[in-house]
């Protein structure tokens with residue numbers, strides 16, 4: 001019975017960590033869209049270095065803590081590349097992911113379009129301390145393999161476009177490899193190779209007399225091991241984009257609401273957000289905090305006007 005309890009605990013940690021590993025674990029995709037679309041690599045014609053930290057369900061023991069560092073930028077007139085490393089700790093579980101993004105972009109009149117591809121290398125490990133638990137049975141291969149680490153390869157496809165620089169739309173198909181392996185292992189045809197998707201769209205309105213911009217957007221995501229969810233976001237920028245403020249509402253199972261504050265000072269950008277869930281679990285934690293530091297460097301030519 002004890003062995004069964006331990007197996008259930010480890011299995012839950014593995015399942016939860018995989019779900020949390022998805023790109024949407026960071027809510028700052030509204031100001032750093034490469035978190036959800038590989039096609040954005042180099043799209044804005046500048047080089048970006050970003051560092052992100054998210055502490056979810058603070059105050060709850062073993063809460064998820066995520067760390068992300070990455071770079072993306074253009075190569076020539078049509079290519080873009082990106083590199084990201086993410087680490088997440090969830091109880092006794094640790095996720096480490098390396099992601100490489102490749103994108104091709106072109107522009108025709110008022111339309112700019114990009115297509116991208118990403119490869120991901122994920123390692124999921126259970127802490128060595130599990131082996132000293134009184135619930136652990138010696139020579140348990142499942143537990144020992146989890147401690148040694150399970151390695152997973154995955155890939156994603158994405159497309160992103162802007163119209164007159166104010167309207168944007170994007171679609172990403174994640175979990176291409178993992179979904180196919182799942183079908184092979186279960187012997188069940190779960191549907192198309194593009195079963196999972198992330199769709200985003202929005203528009204920026206300029207209120208010129210008040211030097212103010214307002215950008216509503218929507219993100220719809222259907223990813224592996226997560227229910228269908230929709231995020232409604234509203235970003236406002238003031239004083240020539242020096243001050244950023246926003247609010248978001250997540251609908252569906254696991255709904256949440258949050259606020260975002262940020263500032264842009266030349267190449268340096270700083271963003272902070274705080275969110276609360278609509279679940280009963282909220283009374284056991286103090287919400288989630290997220291911080292992003294972003295450095296954006298012009299590549300020497302006139303920068304493409306980024307909407308935020």
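A few points about this structure:
- Efficiency of FRET between residue 280 and residue 163 - r from beta-carbon atoms, R0 45 angstrom, step 0.05: 0.60
- Exposure proxy ranking, count of Cβ atoms within 10 Å, fewest first, for 163, 268: 268, 163
- Gyration tensor verdict on segment 79-128 (Cα atoms; rounded if a/c is under 1.5, prolate if a/b is larger than b/c, oblate otherwise): prolate
- Relative packing of 115-125, 285-295, which averages over residues the other C-beta atoms within 10 Å, highest first: 115-125, 285-295
- Counting every other Cβ atom within 10 Å of each residue's Cβ, 154, 148 order from fewest to most as 148, 154.
- Taking other Cβ atoms within 10 Å as a rough exposure proxy, 217, 248 sort from fewest to most as 248, 217.
Since every read-out is calculated from the coordinates, none of them should be taken as a lab result. All of these numbers come straight from a predicted model, not from anything done at the bench. Ideal geometry is used to build each Cβ from the backbone, glycine not excepted, and the neighbour counts take in all protein chains shown.
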